[in-house]
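Below is one structure, written out as structure tokens; the observations come after it.
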Number of protein chains: 2
Amino acid sequence: MKVTVSATLAANEDIERRRRAGERVVNLAFGEAGLPVHPALRRRLIAASGSNGYGPVAGTPDLRAAAAGYWERRGLPTDPDLVVSGPGSKPLLYSLLLAIGGDVVLPMPSWVSYAAQADLVGSRPIMVPPPPGEGGAPDPDRVRSAVLHARAQGRTVGSVLVTLPDNPTGTLANQQTIRRLVQLAEELDLTIISDEIYRDLVHDPDAEPLSPATLAPERTVITTGLSKSLALGGWRIGVARLPDGAHDLRDRMLAVASEIWSSPSAPVQQAAAYAFTEPPELTERVAASRRLHGTVVQAVYERFTAAGAVAARPQGGFYVYPDFGPLRDRLGVATSSELAAVLLDRYGLGVLPGHAFGDEPGELRVRVATSLLYGETTEQRLSALNAPDPLVLPWIARALDHLAEALEHIATGGVPRRALNHASLIPTVAAS
Amino acid sequence: MKVTVSATLAANEDIERRRRAGERVVNLAFGEAGLPVHPALRRRLIAASGSNGYGPVAGTPDLRAAAAGYWERRGLPTDPDLVVSGPGSKPLLYSLLLAIGGDVVLPMPSWVSYAAQADLVGSRPIMVPPPPGEGGAPDPDRVRSAVLHARAQGRTVGSVLVTLPDNPTGTLANQQTIRRLVQLAEELDLTIISDEIYRDLVHDPDAEPLSPATLAPERTVITTGLSKSLALGGWRIGVARLPDGAHDLRDRMLAVASEIWSSPSAPVQQAAAYAFTEPPELTERVAASRRLHGTVVQAVYERFTAAGAVAARPQGGFYVYPDFGPLRDRLGVATSSELAAVLLDRYGLGVLPGHAFGDEPGELRVRVATSLLYGETTEQRLSALNAPDPLVLPWIARALDHLAEALEHIATGGVPRRALNHASLIPTVAAS
């Protein structure tokens, strides 16, 4: 078995170890939303603390009805019987790969766990880059040739996956790309898996992301969860919306679910059922989170590009994906893994190498997550959430200054880590 | 993919559908512990309701240290670094099958999900009956020949599994059987997976179950959880104790865990960390649960044997596994599946066919779970837990009467369901 611990989770644990050992590290590696639980959700969890039955494998009727309503408000009429919940969208994606079968076409780069899950289920990921300047959806023209090539070799290709908006690039695939990809999925008879866990964190509140499910409801699965929009990653809850009429796929998915995880935690299901009804107190929280994520990630994006790295401007979520190619000579590194190691060891910047996301090893791209900059305490994080300008909060300003200083050193010739640490007395910012 | 929804979960959902449709069914199908959450655990969950970080894949240090202490109090010194938690022991078992690799030797019959999980990971279960009159551990002599036969055919056999005490038979493997099995595992170089989730529910408080980990700590994995002893099934938490020095196995297991489920729900981990310290308020609860389970399952066992079915007397947990072979002529059924259908349709008794547990289809054995007889409300269930004689509580007495009446009808010649329902005005007892 070639799979290793999820790169994101492993990097986070490594950074935490360094912090405990006294190193100063700005944690830009981990995609945890970095914000507190909304009190209304705590109240719902508390009210459900006596709930200890397993309940239905697919999740409680309340949760499935609420999730159906969530999608209906986004223009997608949804049968609650075709909603399946799980302890995170990660296990739902795993069960989908098992239930759909065949190889899966993935964007290159894409979230670390898609390809690793494909390996685990004995499927092969077919990595296809997005159209230039985009992220999250493989280039339809290249998908066609890749699928036809794989099929000509006797392989079964069952699905194509998109991430809207994207992790790691932070970008939103063009609507035209999605339309072409949907046409192609119809032509090639592929199920589309649309991971929309960052959908409610598209920065422009007027932007209306185009889900493939709108265009091809009969062949699109949407997965989402509350880990990002409501910062409930550690609670472990996700939901999937299966294609219209896909009762066979549902049965296969529930078969897998029943043998691997049984059901999501019952108290969490009850809180999630409330969350998916989208009461104003929670939509306001999501809106505030979206503003904060957008503000900070744009500022970070600007620090990277100011220093000479190249990146697409983030459109959603809390990631930026800078390319250090133009600074290659100054860095003296040949791969993104070496780059990430140098950024961590010399500059105290914890990021993930693009290679972990399936990018070519020699491309000097790294994924930068900005959501752990909001503070180390609930108080700091709430201040960030409510600040008219979060960038002037001292702990965020110091982290940005550390980042800018490090990048400037890189742009003008690297300095050893000790000198940097000595010069910038920044606090450690990392996952709680 | 041939796997279908877990037989236990599917049966429970079927029975619930029948109840909602107005049918009277005594739910003897589902292994949910049927007792309320202890208030101390609710308080811990409530206190942790703000906890939303993913945390380490293996579980928090507190949880792992507490679980290590739990095992140490059972004579098994445990390195917290070799403890891995998961959202239930079910996903831990799944990840173990993936991480150990090869085929797995299972007792026949055994819990429905072992073989189904083996199918999912592309391994083949090798079903071996226990020594006569026992359950939960495959007969060592037959294991030897089965493994040698499989290996002679080029198969890889990686592990052998025991369930102590057993589901579905409710029995505890003899210590001599365990000793012989451990010797054999050493001889054949098999990892032993010891599912001890019912360990604290052995009815005789003086009995000291012999774990294979005591005899062969270097090759035994123990899994357990809080679903049975503390009725937290719906919360989803389990822990595994890996073999001494098995850091490679740990790494492979965490790799799987990180790609499938990330970590158990954070608030649940905190409550579980408290539970595994075994404070007196919780050991008293476990003791009261053990007494209740033992009293009711013994009473149910006696109803079955009084009617002419044959069963081993349960020694732990809340299951009995009667064999209707002696009543075959009266029943007019050829398989355990037909038997279970007749018991449900004609007599309002929801049980699971032995075939679901890997038993020969033609053997007329069914698994009877008694833990949902304690009541439908928290009040009833607490009354059952605290009653000097739970069997005289009206709702338990009525269910036992219904059962005895149905079995007497079977023993003396079947009657149609309507007549029975008309004659016995029993309440519906089922999962909440």
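If you check residue A:119 against the conditions, is it surrounded by fewer than 24 Cβ atoms within 10 Å (Cβ to Cβ) and more than 10 Å from chain B (Cβ to nearest Cβ)?
Numbers: surrounded by fewer than 24 Cβ atoms within 10 Å (Cβ to Cβ): yes; more than 10 Å from chain B (Cβ to nearest Cβ): no.
Criteria not met by residue A:119.
Would it be correct to say that residue B:116 is touching a helix residue (DSSP H, G or I) at 6+ places or on another chain (Cβ under 6 Å), assigned to a helix (DSSP H, G or I), more than 27 Å from residue A:234 (Cα to Cα) and assigned by TED's automatic domain parsing to the domain that holds residue B:134?
Working: touching a helix residue (DSSP H, G or I) at 6+ places or on another chain (Cβ under 6 Å): yes; assigned to a helix (DSSP H, G or I): yes; more than 27 Å from residue A:234 (Cα to Cα): yes; assigned by TED's automatic domain parsing to the domain that holds residue B:134: yes.
So residue B:116 passes the test.
Please find, among A:262, A:258, A:194, the residue that is among the small types (Gly, Ala, Ser) and closer than 18 Å to residue A:138 by Cβ. I'd like the intermediate steps shown before the answer.
Details: A:262 fails: closer than 18 Å to residue A:138 by Cβ; A:258 fails: closer than 18 Å to residue A:138 by Cβ.
Going through A:262, A:258, A:194 in turn, the sole match is A:194.
Evaluate the following for residue B:9: is it at pLDDT 90 or above, at the interface with another protein chain (Cβ under 10 Å from one of its Cβ atoms), crowded, with 22+ Cβ neighbours inside 10 Å and part of a helix (DSSP H, G or I)?
On the way: at pLDDT 90 or above: no; at the interface with another protein chain (Cβ under 10 Å from one of its Cβ atoms): yes; crowded, with 22+ Cβ neighbours inside 10 Å: yes; part of a helix (DSSP H, G or I): yes.
No.
Here are the criteria: (1) in a loop (DSSP other than H, G, I, E, B); (2) in contact (Cβ under 8 Å) with a residue 40 or more places away in the chain; (3) on the phi < 0 side of the Ramachandran plot. Tell me which single one residue A:333 does not satisfy.
Every listed condition holds for residue A:333 apart from (2).
All but one of (1) within 13 Å of chain A (Cβ to nearest Cβ); (2) under 21 Å from residue B:250 (Cβ atoms); (3) at pLDDT 95 or above hold for residue B:65; state the number of the condition that does not hold.
With (1) within 13 Å of chain A (Cβ to nearest Cβ); (2) under 21 Å from residue B:250 (Cβ atoms); (3) at pLDDT 95 or above applied to residue B:65, the lone miss is (1).
Of the numbered conditions (1) away from every other protein chain (no Cβ under 13 Å); (2) without any contact (Cβ under 8 Å) to a residue 24 or more places away in the chain, residue B:26 fails exactly one; give the number of that condition.
(2)
Which number in (1) out of contact with any strand residue (DSSP E or B) (no Cβ under 8 Å at 6 or more places or on another chain); (2) buried (at least 17 other Cβ atoms within 10 Å of the Cβ); (3) outside any helix (DSSP H, G or I) marks the one condition that residue A:58 misses?
Residue A:58 satisfies every listed condition except (1).
Mind listing whichever residues of segment A:12-31 are assigned to a loop (DSSP other than H, G, I, E, B) and within 24 Å of the chain's Cα centre (by Cα)?
We begin by selecting, within segment A:12-31, every residue assigned to a loop (DSSP other than H, G, I, E, B); these are A:21-25, A:28-31.
Matches in segment A:12-31: A:25, A:28, A:29, A:30, A:31.
Kindly provide the set of residues from segment A:12-22 that are out of contact with any strand residue (DSSP E or B) (no Cβ under 9 Å at 6 or more places or on another chain) and surrounded by fewer than 16 Cβ atoms within 10 Å (Cβ to Cβ), ordered by number. Let's see the steps before the verdict.
Within segment A:12-22, the subset out of contact with any strand residue (DSSP E or B) (no Cβ under 9 Å at 6 or more places or on another chain) is A:13, A:17, A:20-22.
Scanning segment A:12-22 gives A:17, A:20, A:21, A:22.
Kindly evaluate residue A:336 against the criterion of being among the polar types (S, T, N, Q), surrounded by 24 or more Cβ atoms within 10 Å (Cβ to Cβ) and more than 22 Å from residue A:230 (Cβ to Cβ). If you could, list the steps in order and put the result at the bottom.
Numbers: among the polar types (S, T, N, Q): yes; surrounded by 24 or more Cβ atoms within 10 Å (Cβ to Cβ): yes; more than 22 Å from residue A:230 (Cβ to Cβ): yes.
Here the answer is yes, as residue A:336 does meet what is asked.
Quick one: which residue in B:205, B:209 is in contact with a Pro (Cβ under 9 Å, 6 or more places away or on another chain), modelled with pLDDT under 95 and closer than 28 Å to residue B:271 by Cα?
Details: B:205 fails: in contact with a Pro (Cβ under 9 Å, 6 or more places away or on another chain).
Answer to the check: B:209.
Scan segment B:300-325 for residues that are surrounded by fewer than 20 Cβ atoms within 10 Å (Cβ to Cβ) and in a helix (DSSP H, G or I) and jot them down.
The answer is B:302, B:305, B:306, B:325.
If you check residue A:344 against the conditions, is it out of contact with any Pro (no Cβ under 9 Å at 6 or more places or on another chain), surrounded by 19 or more Cβ atoms within 10 Å (Cβ to Cβ) and on the phi < 0 side of the Ramachandran plot? Give the derivation first.
Values: out of contact with any Pro (no Cβ under 9 Å at 6 or more places or on another chain): yes; surrounded by 19 or more Cβ atoms within 10 Å (Cβ to Cβ): yes; on the phi < 0 side of the Ramachandran plot: yes.
Judged against the criteria, residue A:344 is a match.
Being touching a residue at least 40 places away in the same chain (Cβ under 8 Å), over 21 Å from residue B:266 (Cα atoms), within 14 Å of another protein chain (Cβ to nearest Cβ) and outside any helix (DSSP H, G or I), is that true of even one residue in segment A:32-42?
Within segment A:32-42, not a single residue is touching a residue at least 40 places away in the same chain (Cβ under 8 Å), over 21 Å from residue B:266 (Cα atoms), within 14 Å of another protein chain (Cβ to nearest Cβ) and outside any helix (DSSP H, G or I).
For residue B:69, are the conditions met, namely being within 21 Å of the chain's Cα centre (by Cα), touching a residue at least 40 places away in the same chain (Cβ under 8 Å) and either over 30 Å from residue A:99 (Cβ atoms) or not in a helix (DSSP H, G or I) (or both)? Steps first, please.
Details: within 21 Å of the chain's Cα centre (by Cα): no; touching a residue at least 40 places away in the same chain (Cβ under 8 Å): yes; either over 30 Å from residue A:99 (Cβ atoms) or not in a helix (DSSP H, G or I) (or both): yes.
Criteria not met by residue B:69.
Anything in segment A:220-271 that is more than 9 Å from chain B (Cβ to nearest Cβ), of a type outside the set (Gly, Ala, Ser), within 18 Å of residue A:98 (Cβ to Cβ) and in a loop (DSSP other than H, G, I, E, B)? List them, or say none.
Result: A:242, A:243.
From A:145, A:229, A:211, which residue is closer than 17 Å to residue A:125 by Cβ and in the same structural domain as residue A:88 (by TED's automatic domain parsing)? It would help to see each step written out before you state the result.
Details: A:229 fails: closer than 17 Å to residue A:125 by Cβ; A:211 fails: closer than 17 Å to residue A:125 by Cβ.
Going through A:145, A:229, A:211 in turn, just one is closer than 17 Å to residue A:125 by Cβ and in the same structural domain as residue A:88 (by TED's automatic domain parsing): A:145.
State whether the residues of segment B:200-207 include one that is within 20 Å of residue B:99 (Cβ to Cβ) and more than 14 Å from chain A (Cβ to nearest Cβ).
So the first thing to find is which residues in segment B:200-207 are within 20 Å of residue B:99 (Cβ to Cβ), and the list is none.
No, there is no match, as no residue in segment B:200-207 is within 20 Å of residue B:99 (Cβ to Cβ) and more than 14 Å from chain A (Cβ to nearest Cβ).
Is it the case that segment B:233-250 has a residue that's basic (Lys, Arg), surrounded by fewer than 24 Cβ atoms within 10 Å (Cβ to Cβ) and out of contact with any strand residue (DSSP E or B) (no Cβ under 8 Å at 6 or more places or on another chain)? Please lay out each step first, then the result.
Filtering segment B:233-250 down to residues basic (Lys, Arg) leaves B:236, B:241, B:250.
This time we only want the ones that are surrounded by fewer than 24 Cβ atoms within 10 Å (Cβ to Cβ), so: B:250.
The next check asks that each one be out of contact with any strand residue (DSSP E or B) (no Cβ under 8 Å at 6 or more places or on another chain); those that pass are none.
Checked segment B:233-250: no residue is basic (Lys, Arg), surrounded by fewer than 24 Cβ atoms within 10 Å (Cβ to Cβ) and out of contact with any strand residue (DSSP E or B) (no Cβ under 8 Å at 6 or more places or on another chain).
Out of all the residues in segment A:152-163, which are free of Cβ contacts under 8 Å to residues at least 60 places away in the same chain and under 22 Å from the mean Cα position of the chain (by Cα)?
Result: A:160, A:161, A:162, A:163.
The values are calculated or read from the model by the stated rules, or taken from the named source; none is laboratory data. Remember, predicted model here, so these are calculated numbers, not experimental data. Cβ coordinates were reconstructed from backbone atoms using ideal geometry, including for glycine residues, and neighbour counts include every protein chain displayed.
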